[in-house]
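Here is the structure we will look at.
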Amino acid sequence: MAVVLVARFPGDVGELIEAYDRAHAVIMSRGGAGPSGELRHHCATDADALYLIGVWESEEHFRARWASAGFRDILSSAGFPSPDDAEITILELHTTEPPLPLTAG
């Protein structure tokens, strides 16, 4: 069953964004997380945390990716916190809607 991941990383948001951007660039240069089961990915912030929000094929896919040494090494080398530092929420996905069209304005 598909799941939605919400991972909250508290800390200095500016530093977290910079580290995220470095790690994300490396991950994308290696083909992204799609082959690992991630179907959708977003990064968001508030005043005191960075959030990774993703849709995964299953909880098992998410857990395998986040436990992998390669993924952890990328985060560490970019200065991003360990997945162990995140506050994790996993929700079973009930339904999906097609993406909304982008509008100018």
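Can we say Asp21 is within 23 Å of Leu91 (Cβ to Cβ) and among the acidic types (Asp, Glu)? No: the conditions fail for Asp21. Among the residues making up the stretch 1-29, those that are of a type outside the set (S, T, N, Q), free of Cβ contacts under 8 Å to residues at least 40 places away in the same chain and surrounded by fewer than 17 Cβ atoms within 10 Å (Cβ to Cβ) are Asp12, Val13, Gly14, Ile17, Asp21, Ala25, Met28.
Would you mention how many residues in the stretch 76-98 are part of a helix (DSSP H, G or I), closer than 18 Å to Val26 by Cβ and either open to solvent by less than 40 Å² (accessible area, probe 1.4 Å) or free of Cβ contacts under 8 Å to residues at least 12 places away in the same chain (or both)? Spell out the reasoning first.
In the first step, residues of the stretch 76-98 are kept if they are part of a helix (DSSP H, G or I); the result is 76-78, 83-85.
Checking the rest, the ones that are also closer than 18 Å to Val26 by Cβ come to 76-78, 83.
Okay, now just the ones that are also either open to solvent by less than 40 Å² (accessible area, probe 1.4 Å) or free of Cβ contacts under 8 Å to residues at least 12 places away in the same chain (or both), so 76, 78, 83.
Total meeting the criteria: 3.
With the requirement that a residue be among the hydrophobic types (A, V, I, L, M, F, W, C) and either crowded, with 16+ Cβ neighbours inside 10 Å or touching a helix residue (DSSP H, G or I) at 6+ places or on another chain (Cβ under 6 Å) (or both), what does the stretch 44-75 give you?
Ala49, Leu50, Leu52, Val55, Trp56, Phe62, Trp66, Phe71, Ile74, Leu75
The values are calculated or read from the model by the stated rules, or taken from the named source; none is laboratory data. Fair warning: this is a prediction, and the values are worked out from it, not measured in the lab. Neighbour counts run over all protein chains shown; Cβ positions are idealised from the backbone, glycine included. Ligands, DNA and RNA are stripped out before the accessible areas are found, and what is left, the full protein with its side chains, is counted by its heavy atoms. Shrake-Rupley method; radii C 1.70, N 1.55, O 1.52, S 1.80 Å.
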